[in-house]
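Student: Please see the structure below; I have some questions.
The values are calculated or read from the model by the stated rules, or taken from the named source; none is laboratory data. These figures come from a predicted structure and were not determined experimentally. Here the Cβ positions follow ideal geometry from the backbone for every residue, glycine too, while neighbour counts run over all protein chains shown. Please note that ligands, DNA and RNA were not included when accessible areas were found on the heavy atoms of the full protein model with its side chains. Shrake-Rupley method; radii C 1.70, N 1.55, O 1.52, S 1.80 Å.
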Amino acid sequence: MTLQNVLPWILCAQQAGWAVGAFNANTLEQVQAIVLAAQAEEAPAIIQVSHRALTYIGSGNEIRGLQYVAAIGRIAAESVAVPLALHLDHGTESEVLQAIALGFTSVMFDGDGLAFEENISLTKRLCGVAHSVGVCMEAEVGEVPKPDGQAYDEAAIALTQPDEAAQFAEATGIDTLAVALGSVHGLKTKQISLDLDRLAAIRNQVSIPLVLHGSSGVSDNDIKQGIAMGFCKINVATQLAQAFTGVIRDVLNRDGDLVDPRKYLVAGRNAQMEVVRERIRFFGASGKAK
Ligand code: G3H
Ligand code: 13P
Ligand code: ZN
């Protein structure tokens, strides 16, 4: 298949109470792990790349990174019969515009740090560009912190205000809304409980599909409840990186003579594929692309 606009699948998930998995990739093997897992589970899935992944892939030049990823994503989608979307995760204004021009089928503008009104006006403008070429648009209200191993102040996290979420969704015309309910990016253990009362309050005022960021640190019980209450796209990054890197560490520790990258990267790819498959099943997406 060609790369798909994932919105019909997300809306289908919203109707039926499951969620589409959105999986972050930083390397070719991580993309392949997602593709192989989606194929094995006969599920729609989203391959997504963050700003830092693009900078890495483009050796410091994120536009070059977008070009690489657009080409890889196209080939990845054409290699399987299940619907795959290529998503820009936490993009800047220029990355969103470039990603749309290069054939990404979904984009997220991260207006973190902008004043609310400015975030609305920029998101609305980018959403108009995305919709003019059939690209799905995500944006965020509130903050899911990205501490990157540093300490953060849990009490200072800006959780999503339901009335602001409703105003933002209405004013911008976005397709999906990322909300902050206490999750944090990059956690290596499932230690977070979500503010599910807040999710219910948001759901009362916002009808578009909701997105969970930072799922690696959230308890599976709360993810499950969150899906039943309205999360239709779940982002997973750190859990994948843990599986990928963990097994490679083991392989290299076991064989100090190993130098052929294919012999350890294949182990990382397989380990990550199993985690993606497990997440797809957990989100209820398995078999949905049959
Ligand atoms: O939200 C983004 C993902 O957690 C990956 O982020 O590529 O900046 O580590 P990163
Ligand atoms: P984790 O790293 O916690 O899985 O978060 C992923 C994410 O939200 C990507 O946007
Ligand atoms: Zn995120």
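Student: Under a no-solvent Debye model with one identical scatterer per Cα of the chain, what's log10 I(q)/I(0) at q = 0.14 Å⁻¹?
Tutor: Debye intensities relative to I(0), on a log10 scale: -0.99.
Student: Here is a further query. Rounded to the nearest 500, what is the 222 nm mean residue ellipticity of the chain from helices alone, with -39500 (n - 2.57) per DSSP H run of 4+ residues and division by all residues?
Tutor: Details: 11 runs with 145 residues, N = 290.
Taken over the chain, the calculation gives -16000 deg cm²/dmol.
Student: Once both axes come from the Cα atoms, what is the angle between helix 62-78 and the longest principal axis of the chain, in degrees from 0 to 90, rounded to 10?
Tutor: The helix 62-78 is inclined about 80 degrees to the chain.
Student: Something else now. What is the helix-to-structure angle for 196-205, meaning the angle in degrees between its Cα long axis and the longest Cα principal axis of the chain, kept from 0 to 90 and rounded to the nearest 10?
Tutor: For helix 196-205, the angle is close to 60 degrees.
Student: How large is ³J(HN,Hα), in whole Hz, for each residue of segment 215-223 in order, when computed from phi with the Karplus curve 6.51 cos²θ - 1.76 cosθ + 1.60 and θ = phi - 60°, using x for Gly and Pro?
Tutor: Those phi angles translate into 5, 4, x, 9, 4, 4, 4, 6, 4 Hz.
Student: What list of ³J(HN,Hα) couplings, whole Hz, do you get for segment 108-122 from phi and the Karplus terms 6.51, -1.76, 1.60, once you set θ to phi - 60° and write x for glycine and proline?
Tutor: Residue by residue, segment 108-122 yields 10, 9, 9, x, 3, x, 7, 5, 3, 5, 5, 4, 4, 5, 5 Hz.
Student: Here is a further query. Taking Lys288 as the anchor, which aspartates and glutamates have their alpha carbon closer than 17 Å to its alpha carbon, excluding any fewer than eight residues away along the same chain?
Tutor: Glu41, Glu42, Glu278
Student: Enumerate the aspartates and glutamates that Lys146 could reach by cross-link, defined here as Cα to Cα under 16 Å, with residues fewer than 8 away along the same chain left out.
Tutor: Asp89, Asp110, Asp112, Glu154
Student: What accessible area per residue, rounded to a whole number of Å², is obtained for the chain using a probe radius of 1.4 Å? Present the calculation step by step, with values, prior to reporting the outcome.
Tutor: Working: 12330 Å² over 290 residues.
Here the per-residue accessible area is 43 Å².
Student: Further question: Give me the distance in nm between label points sitting 7 Å out from Cα along the Cα-to-Cβ direction at Asp255 and Thr55, one decimal.
Tutor: The answer from the label model is 3.5 nm.
Student: How far is helix 7-16 tilted off the main Cα axis of the chain, in degrees rounded to 10, range 0 to 90?
Tutor: Taking the Cα atoms of the chain, the angle to 7-16 is about 80 degrees.
Student: Can you list residues from other chains, or at least 5 along the same chain, whose modelled amide H is less than 5 Å from the amide H of Ala285?
Tutor: Under 5 Å from the amide H of Ala285: Ala19.
Student: Over 22 Å between Cα atoms, which of Lys190/Lys224; Lys190/Lys263; Lys188/Lys224 qualify? Show your work: numbers first, answer last.
Tutor: On the way: Lys190/Lys224 13 Å; Lys190/Lys263 30 Å; Lys188/Lys224 19 Å.
As for pairs spanning more than 22 Å Cα to Cα, those are Lys190/Lys263.
Student: Please work out the FRET efficiency for the pair Asp148 and Ala16, using the Cβ-Cβ distance as r and a Förster radius of 35 Å; give the result to the nearest 0.05. Show your work: numbers first, answer last.
Tutor: Details: r = 36 Å, r/R0 = 1.02.
After rounding to 0.05, the efficiency reads 0.45.
Student: Taking the Cα centre of the chain as origin, work out the dipole magnitude from +1 charges on Lys and Arg Cβ and -1 charges on Asp and Glu Cβ, in debye rounded to 20. Working shown, then result.
Tutor: On the way: 22 positive and 32 negative charges, 194 e Å.
Using Cβ point charges on Lys, Arg, Asp and Glu, the chain gives about 940 debye.
Student: Per-residue HN-Hα couplings for segment 177-185, Karplus 6.51 cos²θ - 1.76 cosθ + 1.60 at θ = phi - 60°, whole Hz, x for Gly and Pro?
Tutor: Per residue, the Karplus-derived 3J(HN,Hα) values read 10, 7, 10, 9, 10, x, 6, 9, 5 Hz.
Student: OK, next. If I model segment 91-167 as equal point scatterers sitting on the Cα atoms and use the Debye formula, what is log10 I(q)/I(0) at q = 0.17 Å⁻¹?
Tutor: -0.72
Student: Which value, in debye to the nearest 20, describes the size of the charge dipole of segment 167-234 about its Cα centre when Lys and Arg Cβ atoms bear +1, Asp and Glu Cβ atoms bear -1, and nothing else is charged?
Tutor: Dipole size: approximately 200 debye.
Student: Mind listing the long-range amide H neighbours of Gly58? Cut-off is under 5 Å, sequence gap 5 or more, other chains count too, H placed in the peptide plane at 1.01 Å from N.
Tutor: Counting only residues 5 or more places away or on other chains, the set is Gly65.
Student: I'm a student and want to see the number: the projected area of the Cα convex hull of segment 1-81, averaged over all directions, in nm².
Tutor: Its Cα hull, projected and averaged over all orientations, spans 5.2 nm².
Student: Under a Cβ-Cβ cut-off of 12 Å, what is the net charge of the residues other than Pro209 that fall near it, where Lys and Arg count +1 and Asp and Glu count -1? Spell out each step's value before the answer.
Tutor: Working: positive: Arg203, Lys233; negative: Glu138, Asp175.
Within the 12 Å Cβ shell, the charges total 0.
Student: Return the long-range amide H neighbours of Ser106 (sequence gap of 5 or more, or a different chain), with a cut-off of under 5 Å between placed amide H atoms.
Tutor: Residues meeting the criterion, in which the H sits 1.01 Å from N, are Leu86, Leu88, Cys136.
Student: For Lys290, give me every one of the lysines with a C-alpha distance below 21 angstrom, ignoring sequence neighbours fewer than eight places off in its own chain.
Tutor: Lys233
Student: If the elastic network links every pair of Cα atoms under 10 Å, which of Ser216, Ser50, Ser132 fluctuates the most in the Gaussian network model of the chain?
Tutor: Top of the fluctuation ranking is Ser132.
Student: Loop only by DSSP, 16 or fewer other Cβ within 10 Å of the Cβ. Give me the chymotrypsin sites (Phe, Trp or Tyr not before Pro) in segment 145-251 that pass, ordered by residue number.
Tutor: On the way: sites: Tyr152, Phe168, Phe231, Phe244; in loops: Tyr152.
The qualifying sites are Tyr152.
Student: Another question, then. Considering only protein heavy atoms, what is the solvent-accessible area of Glu154 at a probe of 1.4 Å, reported in Å² to the nearest 10?
Tutor: Rounded to the nearest 10, that gives 130 Å².
Student: Something else about it: Loop only per DSSP, at most 12 neighbouring Cβ atoms within 10 Å: give me the trypsin sites (Lys or Arg not before Pro) in segment 174-270, ordered by residue number.
Tutor: Within segment 174-270, the qualifying trypsin sites (Lys or Arg not before Pro) (loop, at most 12 other Cβ atoms within 10 Å) are Lys188.
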